Amino acid sequence: PAGYLETAGRTPAVRLWETPLSDWPRQSPFDVALRGACPRCGKGRLFAGLLNVVDRCDSCGLDLRGNDAGDGPAVFVILGLGVIIMMLVFWVEFRYEPPWWVHVAIWLPLTFALAVWMLRFLKALLIAQQFVHRTTELDDE
């Protein structure tokens with residue numbers, strides 16, 4: 001086969017060069033995750049709504065149905081954001097001693113907004129990593 005050194009009719013275990021898996025330029029997983037873009041072309045939307053992944057990229061047609069970020073993003077958000085928010089809550093409480101309604105007015109919307117943003121970012125990052133490392137049945141035509 002092309003790309004292999006011919007040795008007495010056998011193909012060696014070492015390839016002389018890698019054949020590219022795709023003609024698409026490689027996208028940075030962090031850039032794709034921050035923009036919520038397709039991991040293959042970087043142009044199409046990754047999400048339809050808040051956290052639902054689209055079935056196919058509008059721009060390049062990449063099938064994204066095989067992606068499963070699982071519970072990974074949720075675990076990181078619950079543990080990471082929970083620690084950060086609780087440290088800030090205690091700091092505000094001991095420093096300023098505001099009434100309870102101030103805590104509700106500050107922390108409820110902040111926690112919700114940060115949780116949604118972090119879930120979208122981490123979900124997109126895991127999908128981009130799955131694409132880069134080809135861990136799902138993504139079609140790459």
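The values are calculated or read from the model by the stated rules, or taken from the named source; none is laboratory data. Remember, it's a predicted structure, so these values are computed and weren't measured experimentally. These area figures cover heavy atoms from the full protein model, side chains too; ligands, DNA and RNA do not enter into them. Shrake-Rupley method; radii C 1.70, N 1.55, O 1.52, S 1.80 Å.
A few points about this structure:
- Region 66-105, Cα convex hull volume normalised per residue, Å³: 66 Å³
- In terms of accessible area, using a 1.4 Å probe and ignoring ligands and nucleic acids, 94, 131, 121 rank largest first as 94, 121, 131.
- Solvent-accessible area of residue 90 with every protein chain in place, 1.4 Å probe, in Å² to the nearest 10: 110 Å²
- The heavy atoms of residue 117 offer some 140 square angstrom of accessible surface to a 1.4 angstrom probe.
- To the nearest 10, the accessible area of residue 120 is 70 Å² with a 1.4 Å probe.
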